[in-house]
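Since every read-out is calculated from the coordinates, none of them should be taken as a lab result. Here the structure is a predicted model, which is why all the values come from computation and not from measurement. Note that each Cβ is placed from the backbone with ideal geometry, even for glycine, and that neighbours are counted across all protein chains shown.
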Amino acid sequence: MQNQSSSIYHVSDTALWIAAYRAMESKRKDSIFEDPLAILLAGERGNQMAKKMKSTSLMAWVVAIRTSVIDRLILKTIESQNIDTVINLGSGLDTRPYRLNFLSNINWFEIDFPNMINYKKEVLVNAKPKCSLNHIELDLSNIEGRRNIFSSLNSSAKNVLLISEGFISYLKEDDVSLLSQDLISNSNFNYWIQDCYTLNMYKVFPKRWKKNMNSSPFQFFPKDWFDFFTKQGWNKNEFISFLAEGNKLGRLTPMPFPFNVFNFLLSNLSHNPFENLYGAVLFSKNNILPIN
């Protein structure tokens, strides 16, 4: 993490970029959540990345709403399903173990590249997590390595919640399929929270973003996100639209014309066709009873 360039050269660099937007949200008077550690983690390089990307208001909105929605899904699942273990895949600079409440009985594992884990531990050396926090240094593309880790974690857990926020979008479809199979084959890996999007949503992302992320592009575009994972053995329990959540919180999407106009006009309808473009989903194994 010594590189001071504002460019994104590796997928792990995006963690600094995302941390910068979480820091921005935390500084707002009407902030949806507070993440003071994100300010430390983003550093100057993360802030420079955010500035270089432009369209700051749009990405700040995405990160704020996504973070808030996934926070809620995590806490709801932990409380209602007696989760004892959380595994964050490609955890980046996420600080939920330090800021979410009701985690005292949770064993939380973060898995990411060694440079990411080491940087995070160094910056947060004086911060105290609210749960048992464990770091695992692993490139998740190492299939044998991750299978060994998953097997070990499965044997020591009773009921596992998986998180893959901002992670699987960078993988190819075959790689996501194989990862899904590796996860579901572990008997105690029962729930999985993801952020999900459609190709149409990706198409309206600013061109500058795609250009600056050329070395780490989005690659996962299934024809039907939910159907893809249903065929893998996962059941969709709950989907929360980021557009609907933004409208609910009074944070309308700062999208380019004419998308913003359409969303505003349709926001009060019982069914807004734009709502399924981007959101977060909670999956459970098909043999697990649905969450009420």
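Put a plus charge on the Cβ of each Lys and Arg, a minus charge on the Cβ of each Asp and Glu, and nothing anywhere else: the dipole of the stretch 30-153 about its Cα centre is then about 260 debye.
Can you classify the stretch 12-154 as rounded, prolate or oblate using the Cα gyration tensor, where a ≥ b ≥ c are the square roots of its eigenvalues, rounded means a/c under 1.5, and otherwise it's prolate if a/b beats b/c and oblate if not? Because a/c hits 1.5 or more and a/b fails to exceed b/c, the stretch 12-154 counts as oblate. If R₀ is 41 angstrom, what is the calculated FRET efficiency for the pair I288 and S31, using the beta carbon separation as r and rounding to 0.05? Given R0 = 41 Å and the Cβ-Cβ separation, E is 0.75.
Under the shape rule built on the C-alpha gyration tensor, where the axes satisfy a ≥ b ≥ c, the stretch 36-83 is oblate, since a/c reaches at least 1.5 while a/b does not exceed b/c.
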